[in-house]
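The values are calculated or read from the model by the stated rules, or taken from the named source; none is laboratory data. Not measured: the values here are computed from a predicted model. Here Cβ is always computed from backbone atoms with ideal geometry, including for glycine, and neighbour counts include all displayed protein chains.
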Amino acid sequence: MSKSIIEQLFILLSRNVVDIAASYIISHHFLPLLLYYSNSSCAGVFNMMSGKKKKEVNLYAQYVAPTDTQRHRIGSYNGMPSIVSKECTGTGIHIGIDGGKVCDACMILRKERGTSNPGTQLNRWYTSISRCIERRQKDVLTSTDLNDARKFGATNVCYLTPAGIQLREEATAQVEYGSHMKTLGSRLPNKTYKTVGEDSAPGMLALFSDAVKLCEENPEFQSSIIVGLLKAAVARQKFGGNAKLDETTVNFFRFLATHDKRTASVVSANLFGPSERWMRKLNGRDRYDCVLDGEDGKEDKVLARIEEAVERRSKNGGKKVSFSMAIDATKVPSVIEISSSHKAIVGAEYPNHMISIDGKTKDEIDSILEGKDSAYGKLSAASEVKVTVVSFQGSPPGIPQSEIVAARPQSNNDSNDFIKDMERAGCNVARSTETSFTNFTVDGVSCERQACDGSYL
Ligand SMILES: [Zn+2]
């Protein structure tokens, strides 16, 4: 059965198609590979295909423009950048060190010693360029980073490609940012204690965008001391040294100051907290009279407090002021410590509950604390505090109904004269100010009952 002419023609045509396809594949895919392995193009002094300077060639070719005086230029090997001699013939005839074949000129330049060897240039530029690229990702620019940026910013543009010039502009911007941060830093009152390098600059934008996210997702973070500190720092920058700071922040610095004033001022200087002068002012402002009854003239102190309390309620439309008194004890942690605002050792049992340290040396204070001082002996910490509250009838608007007028630290249910002292003070006030001392309340602890029994008569 013979095939029709059309069928035969079709077979011929399809064979032809296969042939055309095969020759296309050979010429476009295998030929370059054959050329690469067999001979031909010079692999250059260094190239991006192989060898130990692949990375260096890559960055160098992107950002650096070799000058007229240099003996090399940017070439191409296998479609990728290479460094070739200006006398490169383009044809490789010797086996290259990094593989492939190289021309005479490229081989000679590769073996050159000193700065005319392109390898020296590659190394030098690679370091500074890769640092420029790394700096983009950094959260904190250290003084070394800023120095590097300053150096790169001073590069003559004739050595750079357009991409290199862009990199140089970035570096200049980094230096400007750094010097801006330095100006801020120099506003700190106490530069001596700065722990971060003078020129270092944090990557602020990254930090703040993270903080915004945290604040949105975490309400606890919003009310944290760290946010308070930041607010304080911002307030100080905007409104100066005496800017109003929120209470938590001020308390934080005051708490530090109770441990060590020097530390507090260093921390505050570095965190833009309140200045030392401002802290002193704040401390002075609320150095209220201590409510503990003093070791001498205690009755007078309590008396004076009750009198002041009566005075505050005297503008009540001519009505007679009436008050009552109540005493109860509350448990306290047994701690003996120094109160810097009252300049006293507090926390021991009455009558050593408030030992003045005004004018005493550190050794003298230590000796008292260690129980070696003959005047005080071994201090024992109080476990409770007896508190006296005076309550008033008809306090004017804005004045509280009651006030604490005395507190005495002691051990559990110590029998003492506290109740009698308080009662006497109340009676004296009532007599001298024509007020009514209506009643006196204690709970049923035996020592207090005994005291009450005595006063019925
Ligand atoms: Zn060459």
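Summary table
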item: Qualifying residue in the stretch 243-254 (condition: buried (at least 18 other Cβ atoms within 10 Å of the Cβ), at pLDDT 80 or above, out of contact with any Leu (no Cβ under 8 Å at 6 or more places or on another chain) and not in a loop (DSSP other than H, G, I, E, B)); result: yes
item: Residues of the stretch 113-132 satisfying the condition of being at pLDDT 90 or above, exposed (fewer than 15 other Cβ atoms within 10 Å of the Cβ) and of a type outside the set (D, E, K, R); result: Thr120, Asn123, Thr127, Ser130
item: Qualifying residue in the stretch 127-144 (condition: touching a residue at least 60 places away in the same chain (Cβ under 8 Å) and of a type in the set (Ser, Thr, Tyr)); result: yes
item: Residue in the stretch 322-330 that is outside any strand (DSSP E or B) and surrounded by 13 or more Cβ atoms within 10 Å (Cβ to Cβ) present; result: no
item: Filter result for Thr172 (assigned by TED's automatic domain parsing to the domain that holds Arg73, surrounded by fewer than 17 Cβ atoms within 10 Å (Cβ to Cβ), over 25 Å from the mean Cα position of the chain (by Cα) and assigned to a helix (DSSP H, G or I)); result: no
item: Scan of the stretch 105-124 for residues that are more than 15 Å from Gly51 (Cα to Cα) and near the ligand (Cβ under 10 Å from one of its atoms), ordered by number; result: Ala105, Ile108, Leu109
item: Enumeration of residues in the stretch 36-80 that are without any contact (Cβ under 8 Å) to a residue 24 or more places away in the chain, more than 16 Å from the ligand (Cβ to nearest atom) and either crowded, with 20+ Cβ neighbours inside 10 Å or not assigned by TED's automatic domain parsing to the domain that holds Lys111 (or both); result: Tyr37, Ser38
item: Top-ranked residue in the stretch 86-104 [being crowded, with 19+ Cβ neighbours inside 10 Å and outside any loop (DSSP other than H, G, I, E, B); ranked as nearest to the ligand (Cβ to nearest atom)]; result: Val102
